[in-house]
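The next block holds one structure in the form of structure tokens; read it before the comments.
FYI, it's all coordinate maths here, none of it is from the lab. These figures come from a predicted structure and were not determined experimentally. Virtual Cβ from ideal backbone geometry, glycine too; neighbours counted across all protein chains shown.
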Amino acid sequence: MNRSIEYLLRRLGFYTLAAWIAVTLNFLIPRLMPGDPAQIMFARFKGEMSPESIGALRETFGISDAPLWGQYFTYLKHLLRGDMGISVSNFPEPVINVIASGLLWSIFLAGSALVISFFIGTSLGALAAWRRGGFLDSVTPPLLALLGAFPYFWMAMLTLFVFGFGLGWFPLWHAYPEGTSPGFNLPFLFGALYHATLPAATMVIASLGGWMLAMRNTMVGILGSDYITYARARGLPPRQVLIRYAARNALLPNITGFGMALGFVLGGALLTEIIFSYPGQGYLLLQAVRAQDYPLMQGLFLTITLAVLGANWLVDIATLILDPRTRR
């Protein structure tokens, strides 16, 4: 137990160091670029603002002529308070509020699609390897690989054209029906689920083959191991051999991939959100780039980076639980 805690604390220290480096780069890169958000906003108004207002805008965006190290410590102090600055494209809305508005939609859409594709794909992969040479193993992998080979954005546009424009079964844009008020009420909840069905299904279809093939290939190698042969020789039930001995060990590489994908969920599904005009993190990032909204871009990049690091630490914990060898 002490070795397990020591391992987790050592990994946590590594991720804390990586997070500090990410925060530092997030501070330095925009300040090394020419211009600043105040000058961008001033240029956007094309002379309608007085030159004296630049100073007020610079103060609003947290820009000063103080030494760089002084700005850095001020930035860290504001960051610890959850203050990421003011969004240029959504002025005068704070960046943290803008990110929070898209974060829930990205978690709902991309997170749901990731969990569904992971469980279905790994289950199909385990069954295909267990019944190697059967119908599931012969037909499903090449079919899913073919679907996953199509460009992601092309599949999204195709499903939108067929089921949205053509058949009219699903809405064409946004995250919930117009006229409904967001909250815990049935019209809004069913409407949000209805609007997310088509983009989530597109993401599931595109990623299902990868999860299945990875699980199947790992399972095939594990089923030939000595401990699987020993478990069968002991007369253990096939279901127990499949779940407890084979699938549990074959799941470890997929768990690592799931953790990485889970971290990028907070970045949103960029192309899907753009095609379906879904107000998630990816759509916000596109708007921030178009508007040269550096504070919002900073906040989004930092959120994605910290999410990936946090997800990797959770993967370390899951690996420690699933694989006893890591405890030594």
Taking 245, 15 and counting other C-beta atoms within 10 Å, the order from fewest to most: 15, 245
Two-decimal Rg to Rh for segment 199-307 - Kirkwood Rh, Cα set: 1.21
Along each of the three principal axes of the Cα atoms of segment 179-259, give the extent in whole Å, ordering the values from largest to smallest. 64, 24, 18
Would you mind computing, in nm to one decimal, how far apart the modelled labels at residue 193 and residue 77 are, each placed 7 Å from Cα along Cα→Cβ? 4.9
Where a ≥ b ≥ c are root eigenvalues of the Cα gyration tensor, a/c under 1.5 meaning rounded, otherwise prolate if a/b exceeds b/c and oblate otherwise, segment 99-327 counts as prolate
Ordered by fewest other Cβ atoms within 10 Å, a rough proxy for footprinting exposure, 315, 162 read 162, 315
Let me have the relative contact order for segment 69-159, percent, based on Cα pairs under 8 Å that are six or more residues apart. 10
Provide the convex hull volume over Cα atoms per residue for segment 81-157, in Å³. 130
